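Here the structure is laid out as structure tokens; the discussion comes afterwards.
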Amino acid sequence: MVTITLDKSKLNGRIAVLMGGHSAERDVSLQSGQAVLAVFEQHNADVIAIDPAHRDLLDAIREENIAHVFIALHGRGGEDGILQGCLEKMGVSYTGSGVLASALALDKMRCKQLWQGMELPTADFQVLDADSDWSAVVERLGETVIVKPVNEGSSLGMSKSVGAEQLRESYVSASQYDEVVIAERWLAGEEFTVAILDDKALPVIKLETDRGFYDYEAKYVSDSTRYICPCGLEEDIERQMQDVALKAYHSLGCEGWARVDLMTDADGNLFLLEVNTVPGMTSHSLVPMAAKVQGYSFSDLVMSIFNLSVAK
Ligand SMILES: Nc1ncnc2c1ncn2[C@@H]1O[C@H](COP(=O)(O)OP(=O)(O)O)[C@@H](O)[C@H]1O
Ligand SMILES: [Mg+2]
């Protein structure tokens, strides 16, 4: 078993766990943040929680003399590079990826363009707008596609569509979440996620849902979603998947930790979906699950993510 403690000798001041915020993923963020906060409290750290929805974040960091933050804010305003830039300027250490990697990872379109350029596998896609030729999109990508707002998380605003008419409807609902919307070729295979900690891939998790895809309901509500870790893949296939995930992580310049989502198509070919730079950290989230299989308790995981950020 691994035991990682808080190295207080390296700290320059108080710690804040940032949680909540204004994004569509506020509720999940509060759960992640509370779980992380509890770990710091167990280690008798000088720690407070800050919720940017209740208090101006930058004022709070100055007023409370915060020197280090653990970012548990998901989505826009926490995971997108803006906060990271502010913290750089203030000289406050923060967990996870820097400005560029955070901003890139949140933009599904630019990630996919980057991966195409590097010949990393990602499903064919097309950017949609109100004037798109829906039949031409369907002709190019196939009848069945998934429509995504590019800057959203937790499957919000996403839907599967079959045929040109439904594609237009899916576009309309996705466009309520974001100005930029993409349609992606439907992958009919299996779904996996790979947690990365300190530049190393943790054991692969396989996800199974009875719903059409891993949507908001399957992620946070349904108790019939299955998470399988160890995932049961042959060792060399699992290693290949970890390798692609690590390449995706490095392609964006991620640091500290992240979680890479992948799927296979009906023929078993592997494709990258996205990289999450602030993945869920509730007690039943996926990164903690993979870490546990590797011998890390939830506390070990929080402490290693945090110690990496302080050492940086
Ligand atoms: N090309 C695709 N084909 C089939 N299902 C997909 C595809 N892309 C995404 N999905 C499903 O939608 C879910 C959410 O997609 P993802 O790109 O990971 O965005 P989010 O940021 O919302 O998690 C995935 O976990 C998967 O179940
Ligand atoms: Mg995802």
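Less than 5 angstrom separates the built amide H of Ala258 from those of Ile196, all sequence-distant by 5 or more or on a different chain. When we measure straight from the Cα of Lys148, which lysines land under 20 angstrom away, once same-chain ones fewer than 8 places off are left out? Within reach: Lys108, Lys112, Lys160, Lys219.
Quick one: Asp223, Asp56, Asp107, fewest Cβ neighbours within 10 Å first, how do they rank?
On the way: Asp223 5, Asp56 11, Asp107 19.
Going from least to most buried by this count: Asp223, Asp56, Asp107.
Roughly how many Å is it from the Cα centre of the stretch 217-243 to that of the stretch 134-148, as a whole number? Value for the Cα centre distance between the two parts: 27 Å. Remark on Phe70: its backbone amide H falls under 5 Å from those of Ala16, Val17, Leu18, a criterion applied only to residues 5 or more positions apart or on other chains, H modelled at 1.01 Å from N.
At 222 nm, what helix-only mean residue ellipticity would the chain give, in deg cm²/dmol to the nearest 500, using -39500 (n - 2.57) for each DSSP H run of four or more?
Details: 11 runs with 115 residues, N = 312.
Helices in the chain give a 222 nm mean residue ellipticity of -11000 deg cm²/dmol.
Going from the residue with the fewest nearby Cβ atoms within 10 Å to the one with the most, Tyr214, Tyr177 rank Tyr177, Tyr214.
Go through 200-209, 266-275 and give me the packing order, highest mean Cβ count within 10 Å leading. All intermediate terms of the calculation are to be shown ahead of the outcome.
Values: 200-209: 18.9, 266-275: 17.0.
Highest to lowest by the protection proxy: 200-209, 266-275.
Charge dipole of the chain (Cα centre as origin; +1 on each Lys and Arg Cβ, -1 on each Asp and Glu Cβ, all else neutral): 900 debye, rounded to the nearest 20. Report note on the peptides 92-99, 37-44: ranked by the mean count of other C-beta atoms within 10 Å, highest first, their order is 92-99, 37-44.
Let me know the charge dipole size of the stretch 166-271 about its Cα centre in debye, to the nearest 20, where only the beta-carbon of Lys, Arg (+1) and Asp, Glu (-1) is charged. Before the final figure, lay out the partial values.
On the way: 10 positive and 22 negative charges, 25 e Å.
Dipole magnitude for the stretch 166-271 comes out near 120 debye.
Read the figures in this text as sums done on the coordinates, not as results from a lab. Keep in mind it's a predicted model, so treat the numbers as computed, not measured. Here Cβ is always computed from backbone atoms with ideal geometry, including for glycine, and neighbour counts include all displayed protein chains.
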